[in-house]
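Here's a structure for you.
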Amino acid sequence: MTAATKLPLLLQQLEQQMRQCSLWSTFPPSDEALASIEPFAVDSLQPEEWLQWIFIVKINAMMDAQMSLPQGFAIHPYFGEVWKNEADKDELLVTSQSIDEVCA
């Protein structure tokens, strides 16, 4: 299975896991918060907001446009640190690691 086929499945899994952890929001953050240029928008978004409203949206848009997928990034170290003491986020961390591996 290629990255182009694995990644959409992982993003769907990530969304489901976020919903199960009550981290999925119905309403987006403000345009100002979304415009942050800081890594993971740490100055304006919660980690789960960045995943939902920036990461998932951008990766899905790239796949819809049949663009080359990004490679060589790592989201797991950040989320591993953020959620290291939250056992209910373990599945999210496994999925974030898998996303990193697919996009290595």
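The values are calculated or read from the model by the stated rules, or taken from the named source; none is laboratory data. Because the structure is predicted, anything quoted here is derived from the model rather than measured. Counting neighbours? That spans all protein chains shown, and the Cβs are built from the backbone with ideal geometry, glycine included. Each accessible area value is taken on the protein alone, full model and side chains, heavy atoms only, with ligands, DNA and RNA left out. Shrake-Rupley method; radii C 1.70, N 1.55, O 1.52, S 1.80 Å.
Filtering the range 48-96 down to residues that are free of Cβ contacts under 8 Å to residues at least 24 places away in the same chain and closer than 25 Å to S30 by Cβ, which residue is surrounded by the most Cβ atoms within 10 Å (Cβ to Cβ)?
Going through the qualifying residues, I end up with W50.
Tally time: how many residues in the range 22-47 are among the aliphatic types (A, V, I, L, M), open to solvent by less than 50 Å² (accessible area, probe 1.4 Å) and under 21 Å from G80 (Cα atoms)?
3
Residues in the range 63-77: is at least one on the phi > 0 side of the Ramachandran plot and modelled with pLDDT under 95?
yes
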